[in-house]
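The block underneath contains the structure these notes are about, expressed in structure tokens.
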Amino acid sequence: MAYKAPRGTRDVLPDESWKWQRIERVFRATADRFGYREIRLPVFEETELFARGIGDATDIVRKEMYTFTDRKGRSLTLRPEGTAGTVRSFIEHNMGRGARLTKLYYFCPMFRYERPQAGRYRQFWQWGLEAIGSMNPAVDAEIIHFSVDLFESLGLAGAEARVNSAGCPTCTPAYNELLRERLGGKLDQFCDDCKVRYERNPRRMFDCKNEHCLELLEDAPSILESLCEECAEHFASVRKHLERMSVRFVVDSSMARGLDYYTKTVFEVHHEGLGAQSALCGGGRYDALVEELGGAPTPACGVSSGVERLITALTDTGVMTGTEPGPSVYVASLGSEAALAAAAVIAELRKSISVETDYQSRSLKAQMKEAGKLGAGHVVIIGEDEVARGVAVVKNMTTGEQNEVAADEVVAALLVERLASTQSDK
Ligand code: HAM
């Protein structure tokens with residue numbers, strides 16, 4: 001039997017992994033610029049943490065968790081997202097002591113038993129940020145700014161930030177009642193899931209994936225009209241900050257997030273080209289979660305983003321195409337004496353630059369062809385004749401120019417050439 005990767009998972013092969021590395025590099029550099037520090041969390045947590053943190057009525061908790069019992073009968077779940085685990089760790093390690101805002105980031109895989117389709121996987125990667133310890137609307141704006149800045153730094157154009165407010169426990173009960181009042185008359189037309197949502201938390205109905213339900217919700221009242229004074233002022237301030245920071249956004253009062261912990265600001269950044277699963281990232285404020293999970297009352301705000309979707313958007317828009325940049329140098333040799341001379345040059349060069357070579361005793365012509373295919377910047381050629389005369393040929397693959405160099409000067413000559421070509425690029 002031939003084994004295959006489990007449904008909804010995918011291998012990242014070397015032809016694509018360079019894209020992952022670039023995204024991770026730019027993400028970490030951006031996190032550094034914005035003052036976030038890395039947290040590495042366990043892949044699984046107690047099931048109860050997610051049930052309480054994400055919410056019993058959410059799709060994630062009701063039908064998408066990878067839950068298993070360990071040998072001692074404990075119920076554990078592969079993390080479906082990073083916020084609950086980060087908050088658990090924040091409380092466990094008493095990170096809130098002192099008045100400082102705790103700013104954390106992560107870049108790791110998540111697991112959700114969803115129906116696989118384009119942009120939706122069962123194992124997917126997220127980069128995420130969590131800023132724990134402040135009510136200040138400037139923090140919400142910073143996190144939205146970060147998301148837009150990162151996509152721009154990666155060269156992605158056409159990403160649109162949509163912001164909304166999810167209200168707070170003061171204003172959402174009245175909004176829930178208003179929704180029940182307006183939607184009750186046509187409840188029989190909604191799907192069975194929505195009927196459950198109607199009873200438990202009618203705002204969750206906006207999160208339905210059924211087209212017909214979404215049509216029925218089109219004329220539902222907007223939460224923005226039901227916000228209490230504090231939430232309305234907070235939301236106005238987030239918008240003002242974004243405007244002053246020149247972050248482009250639109251207000252989308254129909255936006256609902258799939259997790260129950262949100263209070264006040266919620267936002268997503270979408271990219272049109274992605275089709276149905278167009279959300280590149282999503283996040284918002286979760287002022288009650290730290291207390292809900294057993295910590296002292298502590299406001300917080302965060303975001304997470306699907307890396308696979310980001311790669312699709314960057315590939316489809318032509319920002320990340322083709323293959324990985326080639327090695328700096330390819331060393332081609334012919335004959336066993338030349339191979340030994342080549343081994344010495346390669347070992348020396350690899351102290352500072354990337355080098356590829358041939359281990360299949362192919363002809364010099366075949367090796368030159370491979371160097372071209374790999375996109376090597378320079379080729380060092382050492383044939384039998386070169387070994388006999390104590391020299392090597394150094395060829396610049398961009399200009400086609402080639403020079404003969406004394407064998408013990410090859411490394412120095414190449415380093416000088418490479419320095420000259422990077423300077424002329426500037
Ligand atoms: P989320 O909206 O569930 O939020 O996920 C965030 C992002 O993860 C989505 O916008 C999408 O890009 C990606 N994503 C989600 N599910 C999948 C999937 N099955 N396959 C591929 N990509 C997916 C959260 O996870 C919250 N923890 C965000 C947050 C952080 N809120 C506050 N702090």
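May I ask you to list the residues in segment 254-266 that are charged (D, E, K, R), in contact with a strand residue (DSSP E or B) (Cβ under 9 Å, 6 or more places away or on another chain) and modelled with pLDDT under 90?
Taking segment 254-266 as the starting set, the residues that turn out to be charged (D, E, K, R) are 257, 260, 264.
When the remaining residues are screened for being in contact with a strand residue (DSSP E or B) (Cβ under 9 Å, 6 or more places away or on another chain), the result is 257, 264.
Across segment 254-266, the qualifying residue is only R257.
Going through segment 62-76 one residue at a time, which ones are of a type outside the set (G, A, S) and at pLDDT 95 or above?
The first filter runs over segment 62-76 and keeps only residues of a type outside the set (G, A, S), leaving 62-72, 74, 76.
Result: E64, M65, Y66, T67, F68, T69, D70, R71, K72, R74, L76.
Determine which member of the set G82, G119 is modelled with pLDDT under 95, within 13 Å of the ligand (Cβ to nearest atom) and in contact with an Asp or Glu (Cβ under 9 Å, 6 or more places away or on another chain).
Details: G82 fails: modelled with pLDDT under 95.
So the residue among G82, G119 that is modelled with pLDDT under 95, within 13 Å of the ligand (Cβ to nearest atom) and in contact with an Asp or Glu (Cβ under 9 Å, 6 or more places away or on another chain) is G119.
Of all residues in segment 162-216 being closer than 15 Å to A256 by Cβ and among the basic types (K, R), which is nearest to the chain's Cα centre (by Cα)?
Restricting to residues being closer than 15 Å to A256 by Cβ and among the basic types (K, R), the top hit is R162.
Out of L183, L187, L214, I need the residue that is surrounded by fewer than 19 Cβ atoms within 10 Å (Cβ to Cβ) and farther than 30 Å from G273 by Cβ. Which one?
Working: L183 fails: surrounded by fewer than 19 Cβ atoms within 10 Å (Cβ to Cβ); L214 fails: farther than 30 Å from G273 by Cβ.
Result of the check over L183, L187, L214: L187.
Only one of G275, G322, G302, G318 is buried (at least 22 other Cβ atoms within 10 Å of the Cβ) and of a type in the set (G, A, S); which?
Details: G275 fails: buried (at least 22 other Cβ atoms within 10 Å of the Cβ); G322 fails: buried (at least 22 other Cβ atoms within 10 Å of the Cβ); G318 fails: buried (at least 22 other Cβ atoms within 10 Å of the Cβ).
Of G275, G322, G302, G318, the one residue that is buried (at least 22 other Cβ atoms within 10 Å of the Cβ) and of a type in the set (G, A, S) is G302.
Among the candidates V303, V250, V355, single out the residue that is within 16 Å of the ligand (Cβ to nearest atom) and of a type in the set (V, I, T).
Selected residue: V303, the only one of V303, V250, V355 that is within 16 Å of the ligand (Cβ to nearest atom) and of a type in the set (V, I, T).
Here is a list: L214, L224, L156, L150. Which entry is more than 26 Å from C301 (Cβ to Cβ) and either assigned to a loop (DSSP other than H, G, I, E, B) or of a type in the set (A, V, I, L, M) (or both)?
Working: L224 fails: more than 26 Å from C301 (Cβ to Cβ); L156 fails: more than 26 Å from C301 (Cβ to Cβ); L150 fails: more than 26 Å from C301 (Cβ to Cβ).
Going through L214, L224, L156, L150 in turn, just one is more than 26 Å from C301 (Cβ to Cβ) and either assigned to a loop (DSSP other than H, G, I, E, B) or of a type in the set (A, V, I, L, M) (or both): L214.
Counting only residues that are in contact with a helix residue (DSSP H, G or I) (Cβ under 9 Å, 6 or more places away or on another chain), surrounded by fewer than 16 Cβ atoms within 10 Å (Cβ to Cβ) and under 20 Å from R200 (Cβ atoms), how many does segment 41-61 have?
Adding up the residues that qualify gives 1.
Tell me whether segment 308-328 contains one or more residues that are of a type in the set (G, A, S), under 30 Å from S361 (Cβ atoms), outside any strand (DSSP E or B) and in contact with a helix residue (DSSP H, G or I) (Cβ under 7 Å, 6 or more places away or on another chain). Give the derivation first.
Here is the first cut: in segment 308-328, the ones of a type in the set (G, A, S) are 313, 318, 322, 326, 328.
Next cut, under 30 Å from S361 (Cβ atoms) only: 322, 326, 328.
Then drop every residue that is not outside any strand (DSSP E or B), which leaves 322, 326, 328.
Checking which are in contact with a helix residue (DSSP H, G or I) (Cβ under 7 Å, 6 or more places away or on another chain) leaves us with 326, 328.
Yes, because at least one residue in segment 308-328 is of a type in the set (G, A, S), under 30 Å from S361 (Cβ atoms), outside any strand (DSSP E or B) and in contact with a helix residue (DSSP H, G or I) (Cβ under 7 Å, 6 or more places away or on another chain).
Here is a check on your reading of the model: is E370 buried (at least 16 other Cβ atoms within 10 Å of the Cβ) and within 26 Å of G322 (Cβ to Cβ)? Even if it seems obvious, please write down each step before you answer.
Values: buried (at least 16 other Cβ atoms within 10 Å of the Cβ): yes; within 26 Å of G322 (Cβ to Cβ): yes.
Yes.
Tell me whether segment 192-211 contains one or more residues that are in contact (Cβ under 8 Å) with a residue 60 or more places away in the chain, in contact with a strand residue (DSSP E or B) (Cβ under 6 Å, 6 or more places away or on another chain) and either within 15 Å of the ligand (Cβ to nearest atom) or not in a helix (DSSP H, G or I) (or both).
no
Mind listing whichever residues of segment 353-390 are over 38 Å from the mean Cα position of the chain (by Cα) and part of a loop (DSSP other than H, G, I, E, B)?
Q360, S361, R362, S363, G383, G390
Quick check on segment 267-289. Is at least one of its residues acidic (D, E) and modelled with pLDDT under 95?
If we filter segment 267-289 for residues that are acidic (D, E), which is where we start, we get 268, 272, 287.
Add one more test, that the residue is modelled with pLDDT under 95, and what stays is 272.
Yes, the conditions are met somewhere in segment 267-289.
Consider P297 against the criteria (1) touching a residue at least 60 places away in the same chain (Cβ under 8 Å); (2) out of contact with any Lys or Arg (no Cβ under 9 Å at 6 or more places or on another chain); (3) surrounded by fewer than 17 Cβ atoms within 10 Å (Cβ to Cβ): it satisfies all of them except one. Which criterion is unmet?
The number of the failed condition is (1).
Within segment 132-151, can you find the residues that are among the aliphatic types (A, V, I, L, M) and either more than 9 Å from the ligand (Cβ to nearest atom) or free of Cβ contacts under 8 Å to residues at least 40 places away in the same chain (or both)? I'd like the intermediate steps shown before the answer.
Keep residues of segment 132-151 that are among the aliphatic types (A, V, I, L, M), which gives 132, 135, 138-139, 141, 143-144, 148, 150.
Correct list: I132, M135, A138, V139, A141, I144, V148, L150.
Okay, residues lined up against (1) within 15 Å of the ligand (Cβ to nearest atom); (2) without any contact (Cβ under 8 Å) to a residue 12 or more places away in the chain:
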| residue | (1), (2) |
| --- | --- |
| D32 | no, yes |
| R37 | no, no |
| E46 | no, no |
| L49 | yes, no |
| M65 | yes, no |
| R74 | no, no |
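The values are calculated or read from the model by the stated rules, or taken from the named source; none is laboratory data. Computed from a prediction, not measured in an experiment: that's the story for all the values here. Note that each Cβ is placed from the backbone with ideal geometry, even for glycine, and that neighbours are counted across all protein chains shown.
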